[in-house]
Each structure stands twice: as structure tokens, then as C-alpha cells.
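The values are calculated or read from the model by the stated rules, or taken from the named source; none is laboratory data. Please read all numbers here as calculations on a predicted model, not as lab measurements. Here Cβ is always computed from backbone atoms with ideal geometry, including for glycine, and neighbour counts include all displayed protein chains.
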Amino acid sequence: MDAIAPSATSAALPPLMPAPLKRLLESRLESVIQREPDRGDASRWRQWRLDDRNWQVAQPVTFTPYASARPCSARCRFCSETLADGGAHAAVLRPGADYFDRLRAALAALCGLPLSYSLSGLETTDDAAWMLAMLDALQEHAGRSPVENSVLYSNGAGFAGSAGGRLIERLQGFRLNWLELSRHHFDAGTNQAIMRFRDGQLIAAQACFEDTLAQLSRRLAVKLVCIVQQGGVADLTSLKAYLDWATRQGAGAVILREFSQLGPAYRDNVTSHYIASTRVAIDGLLAACLADPEFTAHSRLRHATSGYYFWNVVLDFRGMEIIFEASDYTRMHQRHDSGRVYKLVFHANGNLCSGWDPRRNVLLGTEPAPTPITLMRAPRSADESPRP
């Protein structure tokens, strides 16, 4: 999800936030960050010409070079890339030999447009060579065009391997603003039942994950990501246990995400059934926290964010930042199909799109796509339920 710096503040609570939570939070927040620009607010839109067409581009806007160099190191049961919405899957495409030439050409076409980098897709760290070359291209662009923030979403697998130290050092030099690192439960067996790391992935072991987290935290700002769900962190008791574990690890921030609302565009399959059967409502979990004397004695509400397809509420808890977050894919698709640009994604087929489908909402097309390979049901890495 795009947790990038806001552009404006207002007292209006997010329209996607459930009404009971709005009533609970009314007048209790320090501010509400309006990240989605009003359509009539000229100061929040930039006109940009791509492929002989003028586009209205939201500010702020994030750019994602979709990571699909190899199948993901995990097979998360909720993975958005295994949902069926009738569109093409970016995960089935692999970058060709001229990928980085195409990436640089797309970035050149955006030169002068303020961006933030949102680094996600499958698992970016799984292919160290691809990741390092991608960071080189992005850093070159940042040297000549405004880039406001950069965030990496990861399951941590590549950091636990032989290239881990090199990747961490490179990200520090890249001036990454923060890393969102997924761990959906504090018990390794429970987490593995959710994330299903492939055989041989060291990060699946609890001791390895905690050691990797410590190494990352010494060099980078890290936010732990937990997607709440039945069988994992599902209620106040399990949430407190997760936060106790995160505190022992020295974590400065935890993001608690609800599965994205899917809507009727998604056909029934194994993934959608899993999401429906294990969903935990984040507004209910937040309300339970705010009703708990022990929790409220050590917490302070800060602000909410209203995005174009998500909302969140941020509070301090014992010196740790806690973010409760929810999103709606129907709203996301509506915005992506609106004729305005809310998101920029560069896919392995060389298309720059205003969404996650590599053949839809194409802003800048290049040569025909590489031949798709058979999708191994490889999930996106752990940022998602909300797409970044």
C-alpha cells in the first residue's frame, strides 16, 4: 500500500471508513491526511504528455517497477496475484534482455514529474542482480528528476541469503525511506501456514527472521506488516501478543492490514475463498483496542489517512507506531479506469500502465510482451493486501 508522505490535511474522515468507526473517532484524531486529490483541485494534478496523449496525474503519485524476475519465494494464501479478476497477471511475465533499457526509457518520459518509489510486485529481493540493477536505474532518475520518497515491500527472503548484506548496504545508499517487512504471526509454524515459504528459504525459521530483522533495523527504518486473519492475529489477545513480540524485537512500527475488499469483479477461487473465510475486520479490531483500558492507557490516537482506495488510522502505543489499515479493490479499479492517473506501474513487458494489469490502461507502450510463462501461483510479497 502506498504509505507515502501526504499532501494535504483536512478534518473530514475517510469516506471508505465504516460509519461506526467514524463516530468513534470523531474529534479524537489530531488530523486527517487527504491523500486522494479532489478532482477539481488543480494544485493536486499535473498534466503530463505520454505517447502523444495528455494525462492528468495525481499528486502524490507512486511509481512501481513491478518485480517479477522469478517466482516468489513464498506462496501466501491470500496473494492478490492468485485472484481471478479476468485481467492479465503481471506475475507471469519475466523481464527480457532489454528490460533495463525500457525501464530507463519510461523513466525518461517521466522526467520532471514528481514521483515516489513504491517497490513491490512478487518478491523484489529474490533476484539480487535484478534488484541492484533496478535500484541503479531508479537512483539515476532521482539524480535528475524529483523523487519524494521510496518504500520497499518485502517478505525478507533475499536479505537472509548470501546477498543479504550487499542488498542492505545498497538500500542504505539508495536512501530508502522505510522497508515494510511482512511477518503475519510471531510463531514460525503459524506464520508458515499463512505465508508458505518454499523449501530452502531460511527466512521461514524464527531465529533467522529475528536476526534478519535486527540486521535490517540497524541500517534501515523497518515497519513490520501483519495482515490480520483467522488462524493468525485475529483478536485483541493475539494482537497484544504480536505487539509484545514486536517490542522485544525493537520494532518501531507495526502495520495491521485487513484483506482488501474484493467486490463482484473477482471470480470465486481458492484464494478468494480463503480471504472470505478468514477475514478479520480492522475497524472492529481497532474498536476493541480503543475499548480496552490496558491498551488505551499506553496509546495515543494521532491521525487518519484517506487514500484513493484505502484508509488508515495511526496511533502511538508504548513508543511504537501502530497503523490500522483497510482497502477496497473495487474503488481501486474504478480510479484506475477513470481516465486519470493515480498509480504508475512499469511491467516486465515494457508497458508503463496506470494499474496492475500489464495490458490495460497503458500509458506508454513499447514492443510486444515477452512470452508468458506458466504461473506457479507465486504470490506477491507481503505488502498486500493493499496494492502499493
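What the table below lists for this structure:
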quantity	calculated
Candidates 214, 246, filtered to the one that is in a helix (DSSP H, G or I), of a type outside the set (Asp, Glu), closer than 20 Å to residue 290 by Cα and touching a residue at least 24 places away in the same chain (Cβ under 8 Å)	246
Matching residues, region 88-126, being within 22 Å of the chain's Cα centre (by Cα) and surrounded by fewer than 16 Cβ atoms within 10 Å (Cβ to Cβ)	114
Flag if residue 105 is among the aliphatic types (A, V, I, L, M), assigned to a helix (DSSP H, G or I), under 24 Å from residue 58 (Cα atoms) and modelled with pLDDT of 95 or more	yes
The lone exception for residue 129 - which of (1) in contact with a strand residue (DSSP E or B) (Cβ under 9 Å, 6 or more places away or on another chain); (2) outside any loop (DSSP other than H, G, I, E, B) it fails	(1)
Pair list, Cβ under 6 Å, 6 or more apart: region 111-126 residue under 13 Å from residue 58 (Cβ atoms), other residue hydroxyl-bearing (Ser, Thr, Tyr)	116/62
Residue 152 being within 17 Å of the chain's Cα centre (by Cα), surrounded by 23 or more Cβ atoms within 10 Å (Cβ to Cβ) and within 19 Å of residue 232 (Cα to Cα)	no
Near pairs, Cβ below 6 angstrom, 6+ apart or cross-chain, from region 134-160 (under 17 Å from residue 64 (Cβ atoms)) to any residue that is part of a strand (DSSP E or B) and not hydroxyl-bearing (Ser, Thr, Tyr)	134/65; 147/115; 151/178; 152/119; 152/179; 153/180; 154/181; 155/74
Pick from region 1-16, criterion at pLDDT 55 or above and crowded, with 19+ Cβ neighbours inside 10 Å, ranking: farthest from residue 178 (Cα to Cα)	13
All positions within region 58-68 that are surrounded by 21 or more Cβ atoms within 10 Å (Cβ to Cβ), part of a loop (DSSP other than H, G, I, E, B) and in contact with a helix residue (DSSP H, G or I) (Cβ under 6 Å, 6 or more places away or on another chain)	66, 68
Region 188-211 - residue that is of a type in the set (D, E, K, R) and assigned to a helix (DSSP H, G or I) and, of those, surrounded by the most Cβ atoms within 10 Å (Cβ to Cβ)	210
Options 27, 73, 80, 68; residue that is out of contact with any Ser or Thr (no Cβ under 6 Å at 6 or more places or on another chain) and at positive phi	27
Total residues in region 271-322, condition loosely packed, with under 15 Cβ neighbours inside 10 Å, among the small types (Gly, Ala, Ser) and assigned to a strand (DSSP E or B)	0
Residue match in region 255-270 (condition: over 21 Å from residue 76 (Cβ atoms), within 20 Å of the chain's Cα centre (by Cα) and not in a strand (DSSP E or B))	no
Test result for residue 238, of a type in the set (Ser, Thr, Tyr), surrounded by fewer than 18 Cβ atoms within 10 Å (Cβ to Cβ) and outside any loop (DSSP other than H, G, I, E, B)	no
Subset of region 287-314 [aliphatic (A, V, I, L, M) and without any contact (Cβ under 8 Å) to a residue 24 or more places away in the chain]	291, 297, 314
Residues located in region 54-64, provided they are over 19 Å from residue 148 (Cα atoms) and either of a type in the set (Phe, Trp, Tyr) or modelled with pLDDT under 95 (or both)	55
Residue ID - farthest from residue 150 (Cα to Cα), chosen from residues in region 221-232 that are part of a loop (DSSP other than H, G, I, E, B) and within 17 Å of the chain's Cα centre (by Cα)	228
Single unsatisfied condition, residue 194 versus (1) touching a helix residue (DSSP H, G or I) at 6+ places or on another chain (Cβ under 7 Å); (2) more than 18 Å from residue 346 (Cβ to Cβ)	(1)
